[in-house]
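The next block holds one structure in the form of structure tokens; read it before the comments.
Every read-out reported here was derived from the displayed coordinates using simple, explicitly stated rules and does not represent laboratory data. This structure is a prediction, so every number in the text was calculated from the model and none was measured. Methodologically, a virtual Cβ is constructed for each residue, glycine included, from the backbone with ideal geometry; neighbour enumeration extends over all protein chains shown.
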Amino acid sequence: MNKRADFISLALRSVSSEALKKLIFSRPKDGEIKKVTCRLVAHRGRRLLAIEYSLPGDTVSHKNVPEDKINEELSELLSGYKQANLITTAGDAEWKISKSGSEVVLGGDALIRKLSGERPDFERAIEALDKKKNYILSGEESFLIKLGISSADGRVHDKKQGKFRQINRFLEHIEDMYSQLGEGEEIKILDLCCGKSYLSFAVYYYLTVMKGRRVSMLGIDLKRDVIIWCDNLARELGYSGMRFISDDITKLSIDYTPDMVMSLHACDIATDIVLDTAARLKAKMILSTPCCHRYINGKIVAPELKFVTDHPHIAGKLGEAVTDALRVLRLKSLGYSVSAVELTDPENTPKNTLIRAVRLRSVSEDALSAHKKDYEAALAFLLGDGAKDYLK
């Protein structure tokens, strides 16, 4: 019996049933590519096999294979390796070449039975519980290892669990809004005040590898050393659609309309500058998580709120709430549909608000005028004469 053909058939069955989690090729016969990792992704309703090649120098390259070409691709991969591990939601199987040179498949019979038939109720119940812990990312992605979130074997470090959950939750928001990105050839993204760009690398990976899209992403920050670090990491990972520059975002001038502007924890009024810049560029989508809210502390003069502002600790919490509420009103007055939602559990980070905005295709001047009046009235109520200095 042809064990290699049996294993390929098993892998194809896991693809067609959408049970494939991961397929790993290791122990190369020759060549420089030590490991190849495959995952199932979807693009425009079609299944694709996303393949990641681990290259020398800790770099990687990617390739997406359409479903009708997977058989041919797997045959070629198996000819170059001595071991392949198939990991699915129904169980695992392994193909390998033994020391004697013979091919064996371990766990194949049990897996084919599970893929072909109904599983017992207790197995489905266990899977339902496991799904509650499932994330978009596994922790084994190369960029997570390079960023120090995961160890070399793909285990998320205990101290980075909060960051890992934050990144996955952010990707869930991207997934919720994915239809807003349209069907264009290339998705253009700006990360303003990008810092170490944890979210940039995650979003780029998600859209290119898991969604099969072409992405052009630009990260901007004033800290030149951070920009150099991010640019080098993008090169190491083979993320050719990513680039980083050190610049002042208030002076940013581009000749295209960004599909998405994102920003993670831009400090104090830097978030306001990010939002105004995104609106000025007419970004189709904005995702921003504010950081501290120092500007408004001590500036609220509304006598009706004196019972709060007399207590600095409580006033700080009020400052966070009203600042983000002002940002929502400001974006609405500029033609966006806006919501402020919880990014992740407050246990992970107290800075857990996400402002999500989508540019409206059409909005009446009356509606914009009403939102502008609401915004100006809120500023005047909170800051009095200081309203005119907001953002200066």
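For the peptides 211-223, 169-181, 315-327, 24-36, the ranking by mean Cβ contacts within 10 Å, running from highest to lowest, is 211-223, 315-327, 169-181, 24-36.
Note on the chain: dipole from Cβ charges, positive end direction compared against VAL363, ALA315, THR277; the farthest Cα belongs to THR277.
Legend: P(r) of region 20-63 from all alpha carbon pair distances, 10 Å bins from 0, whole percents, reading 27, 49, 20, 5. Of LYS146/LYS188; LYS251/LYS332; LYS96/LYS160; LYS159/LYS211, which sit over 27 Å apart, Cα to Cα? The pairs that break the limit, which is 27 Å between Cα atoms, are LYS96/LYS160; LYS159/LYS211. Peptides 59-70, 268-279, 9-20, 303-314, ordered by how many other C-beta atoms sit within 10 Å of their residues on average, highest first, read 268-279, 9-20, 59-70, 303-314. Basic side chains Lys and Arg get +1 at the Cβ, acidic Asp and Glu get -1 at the Cβ, and with that the dipole of the chain about its Cα centre reaches some 400 debye. Distance between the C-alpha centres of region 57-122 and region 242-299: 44 Å, rounded to the whole angstrom. Considering region 3-131 at the alpha-carbon level, its Rg and Dmax are found to be 15.2, 47 Å.
The stretch between ASP58 and SER26, if pulled fully straight at 0.36 nm per residue, gains 10.0 nm over its current Cα-Cα span. Potential lengthening of the chain between LEU222 and LYS372 amounts to 50.9 nm, from the contour at 0.36 nm per residue minus the alpha-carbon distance. Placing unit charges on the Cβ atoms of the charged side chains and taking the dipole of the chain about its Cα centre, the candidate lying farthest along the positive direction among LEU343, VAL41, LEU264 is VAL41. One chain, two ends: GLU175 and PHE307. Fully extended at 0.36 nm per residue, the span grows by 43.3 nm beyond their Cα-Cα distance. Rounded, prolate or oblate: pick one for region 213-323, where a ≥ b ≥ c are the square roots of the eigenvalues of its C-alpha gyration tensor, a/c under 1.5 means rounded, and failing that, prolate if a/b is larger than b/c, else oblate. The shape class here is prolate. Taking LEU354, LEU190, LEU77 as the candidate residues, the one with maximal mean-square fluctuation in a Gaussian network model of the chain, Cα springs under 10 Å, is LEU77. If you bin every alpha carbon distance in region 164-389 into 5 Å steps from zero, what whole percent lands in each bin? P(r) for region 164-389, in whole percents per bin: 1, 6, 14, 17, 19, 17, 11, 8, 4, 2, 1, 0.
An ellipsoid equivalent to the chain, defined through the eigenvalues of its Cα gyration tensor, has semi-axes of 47, 22, 19 Å when rounded to whole angstrom and sorted largest first. Note on ILE314 and LYS3: their simple-model spin labels are 7.3 nm apart, each label 7 Å out from Cα toward Cβ. Per-residue ellipticity at 222 nm from helix content only, as computed over the chain with -39500 (n - 2.57) for each DSSP H run of at least four residues, stands at -11000 deg cm²/dmol.
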